[in-house]
Amino acid sequence: MTETDIEGLERKFLDSEGMRDEHLGIYKKLIAGKTQIEGQDGGVVTSILVAGVGKGLFDCVIVAERIEGYNAAPKIAEEIEEIKKAKGTKYVQCPMVSKIGEAVKSGKRRIAIVGTPCEIRAVRKIQSVLLKEVPQVEITAIGLFCFESFYHDKFVSKTKELLRIDLSSASKIQIAKGECMVTVNGKRYKTKIVNLEEMVRGSCHYCDDVTARLADISVGSVGSAEGYSTVIVRSERGEQFLDLIEFAIGEVNKDEISKIVRFKKAKVKDRK
Ligand SMILES: Cc1cc2nc3c(=O)[nH]c(=O)nc-3n(C[C@H](O)[C@H](O)[C@H](O)COP(=O)(O)OP(=O)(O)OC[C@H]3O[C@@H](n4cnc5c(N)ncnc54)[C@H](O)[C@@H]3O)c2cc1C
Ligand code: SF4
């Protein structure tokens, strides 16, 4: 997708009255938040989905559930317990958009979807087509910050070799500040992220959208304290759903986000 395509989709789906930042893209609000739900970080994503379904504002949500090994699969969820069960980051590719057609065919019209920046770009392309065919469809796109993701099988074998752990037993994986930390049976194992370079999916080497520029609301960990989510609100829709939830407010370091975006852009440029 070219920069012109992206800007066209920003104008179509986001709040063009919002501020435009060279590194963050279009945004209305930048905050750090910690909710009552213990998610990957501040639980903001799961809290928004739970509130939207609980208040009858979403017919369904599309989340990534953990399946065998350390794999993930997209799931159409309508129940709060299913949404809570799918919390937490899976650092592997998950074809989220594949579920939009199924949801629409089964009569769902108000759909929320979570995804990495590449998935959110695909969501906007599909949404552009859907709007002509089924104009009643309303999609709320919740983007996750993403620096890279891994090939599942290689990730499993490399962590076995480096850390002597079975990734299928991992209760949480956190990648931050150059390290990959895996929790297995309450014990933490870590390795430097450079040791996992070969496991990175090919397409990630050419992707420079770290903050999900086309999402209604983007959520990550970079820029806020441990246990908080960094939240970028980009559209009125995103603001409406963030307003549904309660959270403790923390401080955001915007420079940290800009730094990671600049770093990724430079890495992509070097590859070209
Ligand atoms: C591959 C990947 C790489 C990431 N890299 C970074 C990074 O470099 N820096 C950073 O700041 N943040 C990164 N994140 C985002 C971060 O890990 C958290 O997901 C984010 O901060 C939201 O936290 P939360 O507590 O609000 O989420 P939670 O409340 O725990 O909810 C997370 C939601 O994301 C969904 N989900 C989990 N994995 C996937 C997936 N693979 N594809 C689609 N949906 C998924 C879950 O189903 C759940 O609905 C990454 C996320 C992914 C998936
Ligand atoms: S780095 Fe880019 S291509 Fe790779 S998973 Fe993240 S958003 Fe997708």
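Some observations on this one:
- Of all residues in the stretch 70-97, those satisfying the criterion of being in a helix (DSSP H, G or I) and touching a strand residue (DSSP E or B) at 6+ places or on another chain (Cβ under 6 Å) are ILE83, MET96.
Yes or no, residue by residue, for (1) out of contact with any Asp or Glu (no Cβ under 8 Å at 6 or more places or on another chain); (2) without any contact (Cβ under 8 Å) to a residue 40 or more places away in the chain; (3) within 12 Å of ligand 1 (Cβ to nearest atom):
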position	(1), (2), (3)
ILE175	yes, no, yes
GLU198	yes, no, no
ARG201	no, no, yes
VAL210	yes, no, yes
ALA215	yes, no, yes
GLY223	no, no, yes
ILE249	yes, no, no
ASP255	yes, yes, no
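- Selected residue [of a type in the set (Gly, Ala, Ser) and more than 20 Å from GLY25 (Cα to Cα)] from GLY202, GLY220: GLY202
- Taken together, the residues in the stretch 23-40 that are touching a Ser or Thr at 6+ places or on another chain (Cβ under 8 Å) and more than 25 Å from GLU138 (Cβ to Cβ) amount to 5.
- Of all residues assigned to the stretch 223-240, none qualifies as being within 14 Å of ligand 2 (Cβ to nearest atom), surrounded by 15 or more Cβ atoms within 10 Å (Cβ to Cβ), at pLDDT 95 or above and of a type outside the set (S, T, N, Q).
- Entry remark, the stretch 119-132: residues being surrounded by fewer than 21 Cβ atoms within 10 Å (Cβ to Cβ) and within 11 Å of ligand 2 (Cβ to nearest atom) number 1 in total.
- Candidates GLY18, GLY8, GLY25, GLY52, filtered to the one that is more than 10 Å from ligand 1 (Cβ to nearest atom), more than 18 Å from VAL231 (Cβ to Cβ) and small (Gly, Ala, Ser): GLY8
- Flag if LYS108 is within 16 Å of ALA73 (Cα to Cα), touching a residue at least 40 places away in the same chain (Cβ under 8 Å) and either more than 11 Å from ligand 2 (Cβ to nearest atom) or surrounded by 20 or more Cβ atoms within 10 Å (Cβ to Cβ) (or both): no
- SER157 being out of contact with any Leu (no Cβ under 6 Å at 6 or more places or on another chain), small (Gly, Ala, Ser) and surrounded by 13 or more Cβ atoms within 10 Å (Cβ to Cβ): yes
- Pairing each residue of the stretch 1-27 that is acidic (Asp, Glu) with any residue that is at pLDDT below 90, provided the two are 6+ apart or on different chains, yields C-beta distances under 8 Å for GLU10/SER16.
- Residue count for the stretch 199-222, restricted to those that are away from ligand 2 (no atom under 11 Å from the Cβ) and surrounded by fewer than 24 Cβ atoms within 10 Å (Cβ to Cβ): 3
- Looking only at the stretch 133-154, and only at residues there that are part of a loop (DSSP other than H, G, I, E, B), closer than 27 Å to GLY107 by Cα and among the hydrophobic types (A, V, I, L, M, F, W, C), the one that is nearest to ligand 2 (Cβ to nearest atom): VAL137
The values are calculated or read from the model by the stated rules, or taken from the named source; none is laboratory data. Predicted, not measured: the structure shown is a model, and the values here were computed from it. Because the Cβ atoms are built from the backbone with ideal geometry, glycine has one as well, and the counts that use them run over all protein chains shown.
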